[in-house]
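Every read-out reported here was derived from the displayed coordinates using simple, explicitly stated rules and does not represent laboratory data. On a predicted model such as this, the values are computed, not experimentally measured, just so you know. Glycine gets a Cβ as well: all are built from the backbone with ideal geometry, and neighbour counts include every protein chain shown.
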Amino acid sequence: MIVTAKELTKKYKIPRRKPGIINSLKSVIHREYDDVLALNKVSFQIDEGELVGYIGPNGAGKSTTIKILSGILTPTSGECKVLGKIPYKDRINYVRDIGVVFGQRTQLWWDLPVVDSFELLKDIYKIPLKTYLKNKDELIEWLDLKTFLNTPVRQLSLGQKMRCELAASLLHSPKILFLDEPTIGLDAVSKLAVREFIKKINKERGVTVILTTHDMDDIETLCNRVIVIGKGEIVLDGPLKSLRDAVSKKRRLILEIEEGDNGFDIKGATLVNKDRNRLTIDFDPDIITPADLISTLSTTYKIKDILIENPPIEEIIAKLYGRLNIWGLIYLL
């Protein structure tokens, strides 16, 4: 196992603030605190070469976990090992083998050209020149950075900056990459480029990737395994299919029709939406097969086109969060 987390727990003390000037003055002399449990006995293991989605609503504990695994935070109790090291105890040696990208933080120097930031990172990580040049050239090509290498970071678009962040995190050939919201705020084209790159380094370089994101298209596109966290606890861990099955086994049939009766009464199937000549139907394949459903529908509708798919992953996640009552948590991350 490349990552092992065992009963990780993290508590924060948050100052209790009461309204009013008098209460503010009292808090200077005697400050009261509330305990906030960000992680509660979180345990999981990740094998080398996996690409794992780590998801949950805002405040569920995702970023706290990533910060502990990357050595930024120390857990209140429990333990973890990454690459055989305890991240928060052996941080200097440990960071040589990991890459970290936080979507809303930068490791690039704001006023320097991108290539100067790369040179500084080469010296910080003490990367051998031959390795550095090979990695830099490869990453520039894969991420299409050539046209803005000499541009100051502050002048880059958000998509360009994120591609540079990804390159910077991989210059020293890390064995594991932590990605915390890497596609946040990106346009559609930039998101596609980032996703393709993540798949590439996972397959071609064998880099283990742990991805936290609220963009469910990231999860659907990249991850075969998902870990769902809520209220600081792991609530589901397994293949993406098991997440779908845990919520609903239903599939979705989309019909383009020319004409037909508006009535709909088919056992095992539900009409989700009718928009002019387009029908969206959810059905349970354990009750009615796709062939039987289409055959039944063809008796009342003149069908032009058919599409069978799984319900959007956003709907599955929303139902799961609602069922587990893990919405709207406010924790310090």
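A compact globular protein would have a Cα radius of gyration near 2.2 N^0.38 Å; the ratio found for the chain is 1.21.
Projecting the alpha carbon convex hull of segment 71-116 along each direction and taking the average yields 4.6 nm². Please label the shape of segment 180-309 as rounded, prolate or oblate, based on the square roots a ≥ b ≥ c of the eigenvalues of the alpha-carbon gyration tensor (a/c under 1.5 means rounded; beyond that, a/b larger than b/c means prolate, else oblate). Judged from the Cα gyration tensor, segment 180-309 comes out prolate (a/c at least 1.5, a/b above b/c). Hey, with R₀ at 35 Å, roughly what FRET efficiency would Thr4 and Val115 work out to, going by the Cβ-Cβ distance, to 0.05? Result of the calculation: an efficiency of 0.40. For segment 1-65, the list of GluC sites (Glu not before Pro) that fall in a loop by DSSP and count at most 16 other C-beta atoms within 10 angstrom reads Glu32, Glu48.
Among Val247, Val100, the order by Cβ neighbours within 10 angstrom, fewest to most, reads Val247, Val100. Taking 0.36 nm per residue of separation and subtracting the current Cα-Cα distance, fully stretching the chain between Asp97 and Lys11 would add 28.2 nm.
With neighbour counts taken as other beta-carbon atoms within 10 Å, the residues Ile140, Ile303, Ile281 rank, fewest first, as Ile303, Ile140, Ile281. Let me make sure I get this right: for segment 249-310, a, b and c are the square roots of the gyration tensor eigenvalues over alpha carbons, sorted descending. Under 1.5 in a/c it's rounded, otherwise prolate if a/b > b/c, else oblate. Which is it? In terms of gyration-tensor shape, prolate. Restricting the chymotrypsin sites (Phe, Trp or Tyr not before Pro) of segment 94-151 to loop positions (DSSP other than H, G, I, E, B) with no more than 15 neighbouring Cβ atoms within 10 Å leaves Trp109, Trp110. Within the chain, antiparallel bridges make up roughly 70 percent of the DSSP beta bridges whose residues both belong there.
Applying 0.36 nm per residue to the separation of His214 and Thr280 and subtracting their alpha-carbon distance, the gain on full extension is 21.2 nm.
Built from the Cα atoms of segment 105-238, the convex hull projects on average onto 8.8 nm², one quarter of its surface area.
Taking Cα atoms only, the orientation of helix 114-125 departs from the longest principal axis of the chain by about 60 degrees. Neighbour counts of other Cβ atoms within 10 Å put Thr183, Thr221, Thr299 in the fewest-to-most order Thr299, Thr221, Thr183. Each listed q (0.21, 0.23 Å⁻¹) maps to a log10 I(q)/I(0) for segment 28-92 from the Debye sum over equal C-alpha point scatterers, namely -0.99, -1.13. You can think of it this way: the chain between Leu192 and Thr74 has 39.0 nm of extra reach, that is 0.36 nm per residue less the Cα-Cα gap. The trypsin sites (Lys or Arg not before Pro) of segment 1-106 meeting both criteria, a DSSP state outside H, G, I, E and B (loop) and at most 16 other C-beta atoms within 10 angstrom of the site's C-beta, are Arg16, Arg17, Arg31, Lys89, Arg105.
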